[in-house]
Amino acid sequence: NVVLSALIGGRARLVIASTHGPRCLAVDAVAVEIARHVPRLADKRKLDPALLLAALQVMPIEWKPASVYEDHREQAESRVAARDPDDWPTLALALKLGVPIWSQDKDFSAAGVEVVTTGELLDALRAAGHDMR
């Protein structure tokens, strides 16, 4: 998950922190899932879970409720059923809004939507002349 990567200092943080980066949208369910993983992740990485949760709250991500994408649920579920049925909300949001998905997960490509990786976004920002330190 790119949000988890950004929280722990991975390359995704460079994209999220960039004022020239993409507008980031995500489903509320992802925030809930991340919050469940934070204690274990913090323990494993020797990080403060309260700081990670606070960082999650202030990340420049527009969290969307199910009411925004629920009308695309059936289509999304059918596209991801064979690979990862839990990913349907993210796919439904992308289908609803007609936007690509930022992910390292190959399951979304198999679902027939455009997927961009962190590396591709960093390359695009660098190519546009933005310093990514």
Give the residues of region 14-28 that are open to solvent by 50 Å² or more (accessible area, probe 1.4 Å) and modelled with pLDDT under 95, sorted by residue number. A17, T19, H20, P22, R23
So, in region 119-133, exactly how many residues are exposed (fewer than 15 other Cβ atoms within 10 Å of the Cβ) and within 16 Å of S5 (Cβ to Cβ)? 2
Filtered residue count, region 1-60, keeping only those that are within 25 Å of M132 (Cα to Cα) and assigned to a loop (DSSP other than H, G, I, E, B): 14
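In region 12-60, what count of residues is obtained for those that are touching a Cys at 6+ places or on another chain (Cβ under 7 Å) and among the β-branched types (V, I, T)?
1
What do you reckon, is K64 more than 16 Å from the chain's Cα centre (by Cα) and open to solvent by 40 Å² or more (accessible area, probe 1.4 Å)?
No.
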Output the residues belonging to region 66-96 that are at pLDDT below 95 and under 12 Å from A29 (Cβ atoms). D86, D87
Could you grab me the full set of residues in region 49-65 that are touching a residue at least 40 places away in the same chain (Cβ under 8 Å) and either among the charged types (D, E, K, R) or within 11 Å of A31 (Cβ to Cβ) (or both)? L56, M59, I61
Those residues of region 1-28 which are more than 18 Å from P100 (Cα to Cα) and not charged (D, E, K, R), in sequence order: L4, S5, A6, L7, I8, G9, G10, L14, A17, S18, T19
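The values are calculated or read from the model by the stated rules, or taken from the named source; none is laboratory data. Because the structure is predicted, anything quoted here is derived from the model rather than measured. Note that each Cβ is placed from the backbone with ideal geometry, even for glycine, and that neighbours are counted across all protein chains shown. For the accessible areas, the whole protein counts, side chains as well, though only heavy atoms, and no ligand, DNA or RNA atoms are used. Shrake-Rupley method; radii C 1.70, N 1.55, O 1.52, S 1.80 Å.
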